[in-house]
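Below is one structure, written out as structure tokens; comments come after it.
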Amino acid sequence: MTDAKKKSAGDKGPDRRKKTRRKKLRVLVLMHEDLVPPDDVSGLSESEFHRIKTESDILGALEKLGHETRKLGVRDAVLPIRHAVEEWEPDIVFNLLDEFQGEAIYDQHVVAFLELLRVPYTGNNPRGLVLARDKALSKKVAMYHRIQVPRFFTVRRNHRVRKPKRIDFPLIVKSLVEEASMGISKASIVRDQDALETRVEFMHERIGTDAIVEQFIPGREIYVGVLGNERLIALPPRELIVDELEPGEDLIATESLKHNVHYQERHGVRIQGAKNLPDGIAAALERVSKRIYRMLSLEGYARIDYRLSEDGKLYFLEANPNPELANYEELAHAAAKAGISYENLIQRILSLGLRR
Ligand SMILES: Nc1ncnc2c1ncn2[C@@H]1O[C@H](COP(=O)(O)OP(=O)(O)O)[C@@H](O)[C@H]1O
Ligand SMILES: [Mg+2]
């Protein structure tokens, strides 16, 4: 995001653990084969470095914390994981894989495999990954717990759109299981049956997944990071801000807004502490985020996304298990605001993995 370069306030913050001697751990850092940072990154171009920033930040933090690290790049074979675990006997695996064999939905199998190998790992367990991935399933669970969600219906591939009468336009069409705003553009907001059908077809054909169609909630967009296994900490709420919206344009996190630095600069896109929230919303965000985290079996770290409607109602959009951990990304910024430095955040994630 654009406030990437701001120094994290938490670097100066309290770090109570510093005084107790930390155990030196053997940490196997599991990452995608294409994202393994070279030992010397000085020769990389800016864009090459940007690609491996998360991996490189985490390796750097682990080293600063005094742990012994080993990098393991994988793409489509589980055997190297097993060999590394059996031969090197790491205390813990730092899991940075968010896909396997090019399939995002296989991330859960990798952690399931780590469980079978009986090696501790960081981040979310396979149950949490499965429950949070499916944007309809996670909303169904939330509804059972009386948490407000946008009305929605799904359209499976090879099925026609059948919009329930109780759900009115405008709607937003999304992938049921993809993340990072894949397939989300201005055209995702649809206001009539034709546009709805076209966009669902786009989801089925071009993105290649089932679609979820939700009531479009105009308003503010808020993110809450949560850390923990049993005892949870909700980090201070953050808000997506876009300075330059065209007249009448709705605020949504499109693919370009999330990933295109030029777009972000041109439109004044940033994520900052959520200011001037209506009465009771800050407390509700903290309470509801922890409840959602628990009901979806999340562990380690996650980020919960919401819309805050113009009439002050909070709608749960989705939960992101294992969100980006680079030190300029949202979770690190939110942690810094809570007085948790980047190294402290990484150490906490390790400790949570060990304590599970
Ligand atoms: N029901 C909704 N109402 C308004 N905006 C939405 C809604 N659902 C999604 N969006 C917008 O689309 C973005 C991406 O949707 P999200 O469900 O978070 O999927 P992703 O996994 O791709 O982040 C959100 O950040 C938000 O800006
Ligand atoms: Mg999201």
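The values are calculated or read from the model by the stated rules, or taken from the named source; none is laboratory data. Model, not experiment: these values are computed from the prediction. Here the Cβ is made from the backbone with ideal geometry for all residues, glycine too, and neighbour counts use every protein chain on show.
Looking at the stretch 334-349, can you tell me whether even one residue there is among the charged types (D, E, K, R) and within 14 Å of ligand 1 (Cβ to nearest atom)?
Pass one, the stretch 334-349, residues among the charged types (D, E, K, R): 337, 343, 348.
So of that shortlist, the ones also within 14 Å of ligand 1 (Cβ to nearest atom) come out as none.
No.
Of everything in the stretch 181-200 that's surrounded by 14 or more Cβ atoms within 10 Å (Cβ to Cβ), in contact (Cβ under 8 Å) with a residue 24 or more places away in the chain and of a type outside the set (Val, Ile, Thr), which residue is nearest to ligand 1 (Cβ to nearest atom)?
The extreme case among them is SER181.
Suppose the filter is surrounded by 17 or more Cβ atoms within 10 Å (Cβ to Cβ), without any contact (Cβ under 8 Å) to a residue 60 or more places away in the chain and not hydroxyl-bearing (Ser, Thr, Tyr); does VAL111 pass it?
yes
Which one is nearest to ligand 2 (Cβ to nearest atom), of the residues in the stretch 238-261 that are aliphatic (A, V, I, L, M) and within 26 Å of ALA332 (Cβ to Cβ)?
The initial filter retains those residues of the stretch 238-261 that are aliphatic (A, V, I, L, M), namely 240-242, 245, 251-253, 257, 261.
Narrowing the set further to residues that are within 26 Å of ALA332 (Cβ to Cβ) leaves 240-242, 251-253, 257, 261.
Numbers: LEU240: 10, ILE241: 16, VAL242: 15, LEU251: 13, ILE252: 10, ALA253: 6, LEU257: 11, VAL261: 19 Å.
Filtering first and then ranking leaves ALA253.
If ASP134 satisfies every condition in (1) touching a residue at least 24 places away in the same chain (Cβ under 8 Å); (2) assigned by TED's automatic domain parsing to the domain that holds PRO37; (3) not β-branched (Val, Ile, Thr) but one, which is the exception?
(2)
If you take the residues in the stretch 142-180 that are under 15 Å from GLU205 (Cα atoms) and within 16 Å of ligand 2 (Cβ to nearest atom), which one is surrounded by the fewest Cβ atoms within 10 Å (Cβ to Cβ)?
Ranking the qualifying residues of the stretch 142-180, first place goes to VAL177.
For the condition among the β-branched types (Val, Ile, Thr), part of a loop (DSSP other than H, G, I, E, B) and over 17 Å from the mean Cα position of the chain (by Cα), what is the one hit in VAL141, VAL149, VAL173?
It is VAL149.
Restricting attention to the stretch 232-249, report how many residues are in a loop (DSSP other than H, G, I, E, B) and either polar (S, T, N, Q) or within 20 Å of the chain's Cα centre (by Cα) (or both).
Matching residues across the stretch 232-249 total 3.
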